[in-house]
Amino acid sequence: MKSTLYIFDSSRILPECFDASEFNPSLLVPRYLVHSYLYYELGASILSDWEFDTLARDLREHWESITHEHKGLIDYKALCGSTSGFYLEYPERVKGCAQWLLNQQKIQTTQTL
C-alpha cells in the first residue's frame, strides 16, 4: 500500500531516508520524531499542519507492520488523538537530524533571497 506521504515535497521530510521507489513504513517513525522535535523542542515547523497530520495518519495506518527501533518512543493512543509529540523523548540522532534539516532549510531560504 502506497502512503499519501508522497503527495508533498519529500526533501522537507527526511531526505536521507526517503526513496519514493520503495515505501518502507518503518521510516515513518524517524520522520514523525524529527518533525515532532522540530516543532515541540525547536519551535520550528517545516511541514504544514496538514502534512504532519498526514504523516501521523500514515504512521497509524502502518503501525502493525513497523519494526523501527524507535517505534516504542511513540504512543499509539496519542497518535489516534491529537498527534501530539510534546511529551516524547528524542534520541540524539533524531535531534541531530532535525537540526541538520532545519539548517538545510535556512540555507535554501537564504540562497533564494
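Below are the figures for this structure:
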read-out: Residue 65 vs. criteria at pLDDT 90 or above, small (Gly, Ala, Ser) and on the phi < 0 side of the Ramachandran plot; value: yes
read-out: Subset of the range 72-101 (residues that are crowded, with 16+ Cβ neighbours inside 10 Å and of a type outside the set (S, T, N, Q)); value: 73, 74, 79, 85, 88, 90, 94, 95, 97, 98, 101
read-out: Near pairs, Cβ below 8 angstrom, 6+ apart or cross-chain, from the range 70-96 (in contact (Cβ under 8 Å) with a residue 60 or more places away in the chain) to any residue that is part of a helix (DSSP H, G or I); value: 94/30; 94/33; 94/34; 94/37
read-out: Residue check for residue 38: in a loop (DSSP other than H, G, I, E, B) and either touching an Asp or Glu at 6+ places or on another chain (Cβ under 9 Å) or at pLDDT 90 or above (or both); value: no
read-out: The listed residue being of a type in the set (Lys, Arg), in a helix (DSSP H, G or I) and crowded, with 17+ Cβ neighbours inside 10 Å, out of 31, 60; value: 31
read-out: Every pair of residues 6+ apart whose Cβ atoms lie under 6 Å, when the first sits in the range 46-63 and is closer than 18 Å to residue 24 by Cα while the second is β-branched (Val, Ile, Thr); value: 54/4; 56/83
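The values are calculated or read from the model by the stated rules, or taken from the named source; none is laboratory data. Predicted model, so just to flag it, every value in this text is computed and none were measured. Note that we place each Cβ from the backbone using ideal geometry, even for glycine, and neighbour counts take in every protein chain shown.
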